[in-house]
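Have a look at the structure below, then the notes.
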Amino acid sequence: MNLILFGPPGAGKGTQAARLVARHGLAHVSTGDMLRAAVAAGSELGRRVGEIMDRGELVPDELILALVRERLQQPDCARGFVLDGFPRTRAQAEALDRLLAELGRALDAVIALDVPDEVLISRIETRIRETGGARSDDNAETLRRRLEVYHAQTAPLLDYYRDRGLLYVIDGTRSIDEVTRAIEEVLGRIGKETG
Ligand code: ADP
């Protein structure tokens, strides 16, 4: 089972992805995590990527695509994967389609967590308070920019996947467990329950 977990920053993609991994044995492919690892490694590339992330801008498509291409070919992705934070642009979505065709794989569903901006803003404010701003892109100004970028470049992908019959939208304002249940319900409906 190959899924995209889609939604704005702070929608809860990471939390739900972790549950999908635990329950269905999927590989978690988080481009944000991969980029943070590159930043932590302290290379020149990592430094440039870190500056882009701190501004709330998108890292260039070619770099993301190189990371995802390599990641999807790792053995743990063979049983299925959940993409988290990718694709974020039309070019990334089209490149993903080409990559999957090349690998002989296909997407089973795109699960979108729907959360209004005002809820996202208050969630991230809580996360900043609780973690003391552990993530350097967790601040009010960067969040505002991340939301703008999401609406301008990423949200249009909802139509891209709706047109392909892959889109399932879930109310992401409900509790973590309720959102998990709604996701499992979608997976049951598409007949990809792996237990
Ligand atoms: P969130 O979902 O909270 O916005 P992520 O961890 O997914 O956080 O991403 C953090 C940052 O990493 C983004 O703001 C962006 O700068 C960069 N990034 C992550 N994934 C991508 C991607 N697919 N394309 C471009 N930039 C990305």
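Springs join every pair of Cα atoms under 10 Å in this Gaussian network model of the chain, and among D108, D159, D97 the largest mean-square fluctuation is at D159. When the chain is treated as a GNM with alpha-carbon contacts under 10 Å, the residue of G32, G132, G165 showing the greatest mean-square fluctuation is G132. Here each label is just a point 7 Å from Cα along the line to Cβ, and for R145 and L99 those points are 2.4 nm apart.
What ratio of Cα Rg to 2.2 N^0.38 Å holds for segment 2-189? That ratio works out to 0.99.
Couplings 3J(HN,Hα) of segment 167-182, computed from phi: 8, 10, 9, 10, 6, x, 8, 6, 5, 3, 5, 5, 5, 4, 4, 5 Hz, in residue order, whole Hz [Karplus 6.51 cos²θ - 1.76 cosθ + 1.60, θ = phi - 60°; x for Gly and Pro]. Electrostatic bookkeeping for A182 treats Lys and Arg as +1 and Asp and Glu as -1; over the other residues with beta carbon under 11 Å from its beta carbon, the sum is -3.
The charge dipole of the chain, taken about its Cα centre with unit charges on the Cβ atoms of Lys, Arg (+1), Asp and Glu (-1) only, comes to about 300 debye.
The phi-based Karplus calculation (6.51 cos²θ - 1.76 cosθ + 1.60; θ = phi - 60°) puts the 3J(HN,Hα) values of segment 88-96 at 10, 9, 4, 4, 5, 5, 5, 5, 4 Hz, whole numbers, x for Gly and Pro. Per-residue ellipticity at 222 nm, computed for the chain from helices alone with -39500 (n - 2.57) per DSSP H run of at least four residues, works out to -17000 deg cm²/dmol.
Atom-type composition of the exposed protein surface of the chain places 50 percent of the accessible area on carbon and sulfur (1.4 angstrom probe).
Once both labels are positioned 7 Å from their Cα atoms along Cα-to-Cβ, the gap between Y160 and E118 label points is 3.0 nm.
In summary, segment 97-195 shows an alpha-carbon radius of gyration equal to 1.30 times the 2.2 N^0.38 Å reference for compact globular proteins.
Note on the chain: with a GNM built from Cα contacts shorter than 10 Å, the maximum mean-square fluctuation among L83, L103, L20 falls on L103. Ranked by solvent-accessible area (1.4 Å probe, protein heavy atoms only, all chains present), the residues S136, S43, S30 order from largest to smallest as S136, S43, S30. Counting heavy atoms of the protein chains alone, Y160 has an accessible area of about 10 Å² for a 1.4 Å probe.
Could you work out the local net charge near T142, counting Lys and Arg as +1, Asp and Glu as -1, over the other residues with Cβ closer than 11 Å to its Cβ? Computed value for this residue: -1.
For R127, neighbours were defined as the other residues whose beta-carbon sits under 10 Å from its Cβ, and their charges (Lys and Arg +1, Asp and Glu -1) total 0. Our estimate of slack between A91 and R135, defined as 0.36 nm per intervening residue step minus the Cα-Cα distance, is 13.1 nm.
The values are calculated or read from the model by the stated rules, or taken from the named source; none is laboratory data. Just so you know, these numbers come straight off a predicted model, no measurement behind them. Using ideal geometry, Cβ is built from the backbone for each residue, glycine included, and neighbour counts are taken over all protein chains shown. Keep in mind that these areas ignore ligands, DNA and RNA; they rest on the heavy atoms of the full protein, side chains included. Shrake-Rupley method; radii C 1.70, N 1.55, O 1.52, S 1.80 Å.
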